[in-house]
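Here's the structure we're looking at; comments come further down.
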Amino acid sequence: IEDPVGRACMHTTSVWALILIGSLSPAAAYLTPNQPAAGALFRGRALSSCERLRGGAAVARRQAGAPARLAARMALGEMYPEMCVFDLDACLWDKEMFEMSHVPTETVSGDLNGRGAGVVGAMSGRAKISLHKGALIALQEVHDGKYPGMKIAAASSADTPFAVKVGRQTLKMLEVVPGVTVWDLLLRENRGKDVNQIGRSPPLSSDKSKTHFPILREATGVPYDRQLFFDDCNWGDHCGKVERACTENGQGVVTVRTPNGLREEDWREGLRKYALSRTQAVVR
């Protein structure tokens, strides 16, 4: 049956449906064709009610089909953030910058996840700073164009100007694929513009929800509800604060806590969580 609602409206049973939904009185249901004025009123009300029924059915069909459409889009990798934001210390990489003794000057070479030899470590004194495996995988997928148009940025509340220097230098040394550093990728995805918010000196602060993210929102033009944020949250619940305070279109930034550093499963979970949040917006 192609149009069950329309077909029902062509039968006598539709009259009782109209009575039940309050669009037709029982008395009017018994009007005859010999009562032209009243009959016209009946036909007009019947048509209007049938149109409402058809409209409601169409909405229901669209809403019922939303999860299936989402599953298809997720399978095709089409539903991803417009911007992905990474914390640095203990999230993107394995060290805390305030604990480092020197701004890195030496590098360590190694395998870049099967993509060839490149810089896998930046040496600060005797400490080697390296990307977490999940972070490297995420950045390689961005580099390969798996998420067309998706911007990436860093949001770090490094607590001293020295820590900021260490962090920025490390970004310029660690490689994603041979010959391409994390910094190169950050600039490439933002058309050469440095939108990264690193530190807590004014205009930044220790609260990313009040400074880092509003500045990122203005600099990139990406709405909060189209952003995905990863943070270790070991020194404070940055994810919770950002999720609650940075909202737009009825939704906040989608966040993922990475207390053990950004693992591949965290990356996948973030993409899945973002896709689900978009689905909820579509269904509403």
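Table for the structure above
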| quantity | calculated |
| --- | --- |
| Considering residues of the stretch 212-228 that are outside any loop (DSSP other than H, G, I, E, B) and open to solvent by 40 Å² or more (accessible area, probe 1.4 Å) only, the residue nearest to Leu262 (Cα to Cα) | Arg226 |
| Complete set of residues in the stretch 229-255 that are within 12 Å of Lys208 (Cβ to Cβ), assigned to a strand (DSSP E or B) and either among the acidic types (Asp, Glu) or more than 12 Å from the chain's Cα centre (by Cα) (or both) | Asp231 |
| Single residue of Ile198, Ile129 found to be open to solvent by 10 Å² or more (accessible area, probe 1.4 Å), of a type in the set (Val, Ile, Thr) and more than 21 Å from the chain's Cα centre (by Cα) | Ile198 |
| Tally, over the stretch 134-156, of residues that are aromatic (Phe, Trp, Tyr) and at pLDDT below 95 | 0 |
| Residue among Ser205, Ser209 that alone is open to solvent by 20 Å² or more (accessible area, probe 1.4 Å) and at pLDDT 95 or above | Ser205 |
| Residues satisfying the stated conditions in the stretch 229-257, i.e. polar (S, T, N, Q) and open to solvent by 10 Å² or more (accessible area, probe 1.4 Å) | Asn234, Thr247, Asn249, Gln251 |
| Residues of the stretch 246-271 that turn out to be out of contact with any helix residue (DSSP H, G or I) (no Cβ under 7 Å at 6 or more places or on another chain) and under 17 Å from Tyr224 (Cα atoms), as a count | 3 |
| Residue identified as modelled with pLDDT under 95 and either surrounded by fewer than 20 Cβ atoms within 10 Å (Cβ to Cβ) or at positive phi (or both) among Asp184, Asp159 | Asp159 |
| 2 or more residues of a type outside the set (Val, Ile, Thr): qualifying strands (runs of 3 or more DSSP E) within the stretch 104-177 | 106-111, 117-124, 127-129, 151-156 |
| The stretch 116-126, residues that are surrounded by 17 or more Cβ atoms within 10 Å (Cβ to Cβ) and closer than 21 Å to Gln140 by Cα | Gly118, Val119, Val120, Gly121, Ala122 |
| Cβ-Cβ under 7 Å pairs, at least 6 apart or on other chains, the stretch 161-176 side more than 20 Å from Glu189 (Cβ to Cβ), far side in a helix (DSSP H, G or I) | Ala163/Met97; Ala163/Phe98; Val166/Met97 |
| From the options Val119, Val142, Val164, Val177, residue that is under 24 Å from Arg268 (Cα atoms) and over 23 Å from the mean Cα position of the chain (by Cα) | Val177 |
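The values are calculated or read from the model by the stated rules, or taken from the named source; none is laboratory data. Computed from a predicted structure; not experimentally measured. For neighbour counting, all protein chains shown are included, and Cβ atoms are generated from backbone atoms with ideal geometry for every residue, glycine included. Quick note on the areas: whole protein, heavy atoms, side chains included, nothing else; ligands and nucleic acids left out. Shrake-Rupley method; radii C 1.70, N 1.55, O 1.52, S 1.80 Å.
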